[in-house]
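Before any comments, here is the structure.
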Amino acid sequence: MKKRSLPPIPVLFIPVLVCLLSATALPQRPNYPPAPKPMDSNMAPQVPVNARRQIDLVQLQREADDLARTAQTIPADVAKVRKGMLPKDVIQKLKQIEKLSKHLRSELNP
């Protein structure tokens, strides 16, 4: 009995067919729209540099005068501490000086 050989075209056709079918059988990636931009405070409209906030100069002068008056009493209070007497309001005065100086610095700092 004679063996019959297959023609070369069907032999090459089978692997090509398998490749094509496997490529189409792969799952397709969904095409989602791009994510929205984050709502970050950096994305807010920028205030122009020359648009500065208003400073109440009269109030600043009052606070500066109050700071100077309070600070002038501290050397006398420290002299009393050296004598062994602690004025009861010296700590409160120092806290007030600190508060006023921080406020003045924040108002004057651009």
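For the pair Ala76 and Tyr32 in one chain, pulling the backbone fully straight at 0.36 nm per residue adds 8.3 nm over the alpha carbon distance. The Cα atoms of region 54-108 give a gyration tensor whose axes a ≥ b ≥ c have a/c of 1.5 or more with a/b greater than b/c, which makes the shape prolate.
Calculate, in nm to one decimal, what Leu60 and Ile91 gain on full extension: separation in residues at 0.36 nm each, minus their alpha carbon distance. Kindly include the intermediate steps, with their values, before the conclusion.
Details: separation 31, 0.36 × 31 = 11.16 nm, distance 2.34 nm.
In short, 8.8 nm is gained.
In order along region 82-91, the Karplus-derived 3J(HN,Hα) couplings, from 6.51 cos²θ - 1.76 cosθ + 1.60 at θ = phi - 60°, round to 5, 8, x, 10, 9, x, 6, 9, 5, 5 Hz, and Gly and Pro are given as x.
Bear in mind these aren't lab numbers, they're just calculated from the coordinates by the rules spelled out. Nothing here was measured: the structure is a model prediction, and the numbers come from that model.
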